[in-house]
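The structure appears below as structure tokens.
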Amino acid sequence: NKWGRIVTISSIVSREAEGRPWYIVAKGAEVSLMKSLAVRKELVRDGITFNTVSPGAIMIQNTGWADEEKKDPNGFYEMLNNQFPLGRMGTPEEVANVVVFLCSEQASLVNGANIVVDGGQSKSF
């Protein structure tokens, strides 16, 4: 159809130096792959775009965050208040909204981007 959208979900750790090295490398590779595909004229001139969405901490069931909140609600909310500029984690829907935009016609000029969805959580530029 000479049109398409490729979006990978990476993580803000792809831009940070702290954490599990293997995870940082894997997430950074996703960002690099999308950028390297985004400059391939034979792909993008057919209307295909390649982008990455990098979420920060997202409140998702069965990832451990809810358990931490239940164990120590006051400590959990203190951590959110101290480490997250918005005072909260993101939701899956907030990440999905960015993906939906990237997959739309309105995002036709967005190509090779790494869009951070973290409410200001990450420290890098």
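The values are calculated or read from the model by the stated rules, or taken from the named source; none is laboratory data. Please read these numbers as outputs of a predicted model, since none were measured by experiment. FYI the Cβ positions are ideal-geometry reconstructions off the backbone, even for glycines, and counts take in every protein chain you see. Keep in mind that these areas ignore ligands, DNA and RNA; they rest on the heavy atoms of the full protein, side chains included. Shrake-Rupley method; radii C 1.70, N 1.55, O 1.52, S 1.80 Å.
Here are some notes:
- Enumeration of residues in region 92-125 that are more than 18 Å from A38 (Cβ to Cβ) and either in a helix (DSSP H, G or I) or touching a Cys at 6+ places or on another chain (Cβ under 8 Å) (or both): P92, E93, E94, V95, A96, N97, V100
- Some residue of region 25-33 being basic (K, R) and closer than 21 Å to G120 by Cα: yes
- Options R45, R20, R40, R5: the member that is among the basic types (K, R) and in contact with a helix residue (DSSP H, G or I) (Cβ under 7 Å, 6 or more places away or on another chain): R5
- If only residues of region 13-24 that are surrounded by 12 or more Cβ atoms within 10 Å (Cβ to Cβ) and either part of a helix (DSSP H, G or I) or among the hydroxyl-bearing types (S, T, Y) (or both) are counted, the one that is modelled with the lowest pLDDT is R15.
- Tallying residues that are in contact with a Lys or Arg (Cβ under 9 Å, 6 or more places away or on another chain) and either exposed (fewer than 11 other Cβ atoms within 10 Å of the Cβ) or under 22 Å from G28 (Cα atoms) (or both) within region 100-114 yields 5.
- In region 23-37, the residues that are out of contact with any helix residue (DSSP H, G or I) (no Cβ under 7 Å at 6 or more places or on another chain) and either over 21 Å from A107 (Cβ atoms) or β-branched (V, I, T) (or both): V25, A26, A29
- Those residues of region 86-95 which are loosely packed, with under 13 Cβ neighbours inside 10 Å and within 11 Å of the chain's Cα centre (by Cα), in sequence order: P92
- Qualifying residue in region 31-50 (condition: part of a helix (DSSP H, G or I), open to solvent by 80 Å² or more (accessible area, probe 1.4 Å), farther than 21 Å from A113 by Cα and among the hydrophobic types (A, V, I, L, M, F, W, C)): no
- Single residue of S54, S108, S104 found to be under 21 Å from Y23 (Cβ atoms) and hydroxyl-bearing (S, T, Y): S54
- Residue tally, condition part of a loop (DSSP other than H, G, I, E, B) and loosely packed, with under 13 Cβ neighbours inside 10 Å, over region 57-85: 6
- Region 57-104, residues that are at pLDDT below 95 and under 30 Å from G4 (Cβ atoms): I60
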